[in-house]
Amino acid sequence: MDADLAFTSAIDIRRFIGSKEVAIPELVEFFYQRIQALNPRLNAYLALCPDQAMDQARSAQEAVQRGDSLGPLHGIPVSIKDLEMTKGIPTTSGSAVFKDRTPEVDSVVVERIRRAGAIILGKTNTPEFGLSGTTENKVGGPGRNPWNPERTSGGSSGGAASALASG
């Protein structure tokens with residue numbers, strides 16, 4: 001896949017999915033490769049769920065192939081801030097206190113994102129309980145700015161900001 005896809009809008013990606021120009025499993029794999037290459041330097045993600053995401057991607061692609069009615073986010077890879085409860089994915093809220101917590105239910109926000117058809121790649125870094133202007137915690141280390149890793153990515157959505165800005 002073309003590296004420019006990393007900076008393509010969700011609207012355009014959704015159009016590519018609907019017109020079958022892009023296969024959802026390949027799209028998910030493309031973004032995981034970017035995450036694996038960039039996250040060690042940026043700490044944008046605290047948790048990834050590649051098996052779950054690829055299962056969802058294959059099911060989503062089957063729906064496209066069948067010609068099913070597709071949700072507005074159908075097949076779009078997304079990340080979820082680590083403050084949101086996400087079923088089956090570790091949710092620490094940026095705190096070592098919750099380093100072993102894996103929720104059995106989704107928050108309302110996550111439930112709606114899933115219902116719209118999005119594919120969750122993982123959880124983005126956040127300061128402990130989201131209570132700081134910089135993304136630093138004892139769970140995943142400081143979030144870094146992809147354009148200058150010597151600088152913070154801000155907070156409380158520093159992981160999300162870094163993930164988005166880095167493609």
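The values are calculated or read from the model by the stated rules, or taken from the named source; none is laboratory data. Treat the numbers as computed from the prediction; the structure is a model and nothing was measured. Glycine gets a Cβ as well: all are built from the backbone with ideal geometry, and neighbour counts include every protein chain shown.
Some observations on this one:
- Options Ala96, Ala3: the member that is surrounded by fewer than 13 Cβ atoms within 10 Å (Cβ to Cβ) and modelled with pLDDT under 95: Ala3
- Hits in the stretch 64-89 (condition: charged (D, E, K, R) and touching a residue at least 12 places away in the same chain (Cβ under 8 Å)): Lys81, Asp82, Glu84, Lys87
- Within the stretch 9-20, none of the residues are modelled with pLDDT of 95 or more, surrounded by fewer than 17 Cβ atoms within 10 Å (Cβ to Cβ) and over 20 Å from Ala116 (Cβ atoms).
Here's the yes/no breakdown for (1) surrounded by 23 or more Cβ atoms within 10 Å (Cβ to Cβ); (2) farther than 28 Å from Asp55 by Cα; (3) of a type in the set (Gly, Ala, Ser):
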site: Thr102; (1), (2), (3): no, no, no
site: Ile113; (1), (2), (3): no, no, no
site: Gly117; (1), (2), (3): no, no, yes
site: Lys123; (1), (2), (3): yes, no, no
site: Thr126; (1), (2), (3): yes, no, no
site: Phe129; (1), (2), (3): no, yes, no
site: Gly141; (1), (2), (3): no, yes, yes
site: Thr152; (1), (2), (3): no, yes, no
site: Leu164; (1), (2), (3): no, no, no
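- Applying a threshold of 6 Å to beta carbon distances and a minimum spacing of six or more residues, or different chains, the list of pairs starting in the stretch 20-48 at a residue that is without any contact (Cβ under 8 Å) to a residue 24 or more places away in the chain and ending at one that is among the hydroxyl-bearing types (Ser, Thr, Tyr) reads Asn39/Tyr45.
- Residue that is farthest from Gly155 (Cα to Cα) [pool: residues in the stretch 38-75 that are out of contact with any Pro (no Cβ under 9 Å at 6 or more places or on another chain) and among the charged types (D, E, K, R)]: Arg66
- Scanning the stretch 90-107 for residues that are free of Cβ contacts under 8 Å to residues at least 24 places away in the same chain and closer than 16 Å to Pro127 by Cα yields a total of 2.
- For Val110, the conditions (1) part of a loop (DSSP other than H, G, I, E, B); (2) without any contact (Cβ under 8 Å) to a residue 60 or more places away in the chain all hold with the exception of (1).
- The single condition from (1) within 18 Å of Ile120 (Cβ to Cβ); (2) part of a helix (DSSP H, G or I) that Ala47 fails is (2).
- Selection from the stretch 97-107 of residues that are out of contact with any Gly (no Cβ under 7 Å at 6 or more places or on another chain), in a loop (DSSP other than H, G, I, E, B) and under 18 Å from Lys138 (Cα atoms): Lys99, Asp100, Arg101
- Boolean, Gly94 is assigned to a loop (DSSP other than H, G, I, E, B) and either touching a strand residue (DSSP E or B) at 6+ places or on another chain (Cβ under 8 Å) or farther than 25 Å from Ala3 by Cβ (or both): yes
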